1. From Leu188, Leu197, Leu168, which residue is at pLDDT 95 or above, aliphatic (A, V, I, L, M) and within 14 Å of the ligand (Cβ to nearest atom)?
2. If the Cβ limit is 8 Å and pairs must be 6+ apart or interchain, which residue in region 206-227 that is closer than 20 Å to Leu66 by Cβ and modelled with pLDDT of 95 or more pairs with which residue that is among the small types (Gly, Ala, Ser) and more than 8 Å from the ligand (Cβ to nearest atom)?
3. Do we find that Ser126 is among the polar types (S, T, N, Q) and outside any strand (DSSP E or B) in this structure?
4. Looking at Phe211, Phe219, which one is closer than 16 Å to Ser137 by Cβ, touching a helix residue (DSSP H, G or I) at 6+ places or on another chain (Cβ under 8 Å) and within 12 Å of the ligand (Cβ to nearest atom)?
5. Take Ser152 and tell me if it is assigned to a helix (DSSP H, G or I), away from the ligand (no atom under 12 Å from the Cβ) and more than 20 Å from Val203 (Cα to Cα).
6. Anything in region 191-234 that is in contact with a Cys (Cβ under 9 Å, 6 or more places away or on another chain) and open to solvent by 10 Å² or more (accessible area, probe 1.4 Å)? List them, or say none.
7. Kindly check whether there is at least one residue in region 248-261 that is within 16 Å of the ligand (Cβ to nearest atom), among the charged types (D, E, K, R) and open to solvent by 60 Å² or more (accessible area, probe 1.4 Å).
8. What about Asp79, is it out of contact with any Phe, Trp or Tyr (no Cβ under 9 Å at 6 or more places or on another chain), under 24 Å from Arg213 (Cα atoms) and of a type in the set (Asp, Glu)?
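The values are calculated or read from the model by the stated rules, or taken from the named source; none is laboratory data. This is a predicted model, so every value here is computed, not measured. Neighbour counts run over all protein chains shown; Cβ positions are idealised from the backbone, glycine included. Just the protein is used for accessible areas: all its heavy atoms, side chains included, with ligands, DNA and RNA removed. Shrake-Rupley method; radii C 1.70, N 1.55, O 1.52, S 1.80 Å.
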Amino acid sequence: MALKIDDEFHFLVQKASRSSGVVLTSYRDNYLRRRIDLRMKAVGIDNYATYTRLLDKNKNEITEFLNAITINVTEFMRDKTPFTFFRNEILPDLMKRKRKSQSNSVRFWSAACSNGEEPYSIGICSKEVLPADWSVSVYATDIDEDSLNRASMGVYSKEQLKNLDPTLIQKYFEPAGKDFKVRNIHKLLIRFMKHDLTSESPVSKHFDAVFCRNVMIYFNEKQKVKMLTDFYNSLSDGGYLIIGKSETLPDEIRELFTAVSIRDKIFKKCN
Ligand SMILES: C[S@@+](CC[C@H](N)C(=O)[O-])C[C@H]1O[C@@H](n2cnc3c(N)ncnc32)[C@H](O)[C@@H]1O
């Protein structure tokens, strides 16, 4: 019986992967099961075979299915201390190194950026630390189009801005009704784009830092190794990797990165 349920589950996952283009087998089995079970409950279905038929019949269900797989919880300056480290250690280090090579631009990637709080936090920290004439470019990617739409609107409630000092809110946001909208900031470019970490190659190269926080927890070991190798290849020499506080690097890729802050889960690309 359990074998039959397992087979039906794996069949469902393969079908959904083909329809969505997302390599769903890259996610941890337990996580997938939990999320799919929740979605099935919401539509009143209690077995994988019937749900597979629903996915076949109703093309909109694949969107709902992907929404059920993606968890979008996020915050400005999430966990606080990694962003303090970014401001106090990483940005001054990058500034010193860039000056040596006569450059005045930095490039970051916020991979799995959700509703935009992370890339805007990166942008705000950078603008606070770097000289005004430096260019800051942040690639902000996610698989979830609704999140990306919210992120590119850049409109947040007072509650969502609670981790930001009032001076930062005043400097980087303008009132929009009872909410706040991100201002256009000179020489800060944040590009939002759809990108799937399971099936696509890196969005670009020569990043000074890649932030990929709180998505690796959902992935299996094989996907973690693939993704972290992609990040290694997309970073400049000595570039930084910042992962979530509860995440760890698999042993297989340990020689690619060296820890610079164990507490904040910040690593540097080894040359
Ligand atoms: C919990 S949020 C993390 C947001 C932000 N990085 C942070 O730490 O606050 C996880 C995000 O991962 C995205 N995600 C899940 N699977 C993905 C995939 N295969 N490729 C890209 N993004 C993915 C989800 O859509 C969601 O927005």
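1. Criteria check complete, one pass: Leu197.
2. Matching pairs, first to second residue: Asn214/Ser246; Ile217/Ser246.
3. yes
4. Selected residue: Phe211, the only one of Phe211, Phe219 that is closer than 16 Å to Ser137 by Cβ, touching a helix residue (DSSP H, G or I) at 6+ places or on another chain (Cβ under 8 Å) and within 12 Å of the ligand (Cβ to nearest atom).
5. no
6. Correct list: Phe192, Leu197, Tyr232.
7. Within region 248-261 (the criterion being within 16 Å of the ligand (Cβ to nearest atom), among the charged types (D, E, K, R) and open to solvent by 60 Å² or more (accessible area, probe 1.4 Å)), the answer is no, since none of the residues qualifies.
8. Criteria met by Asp79.
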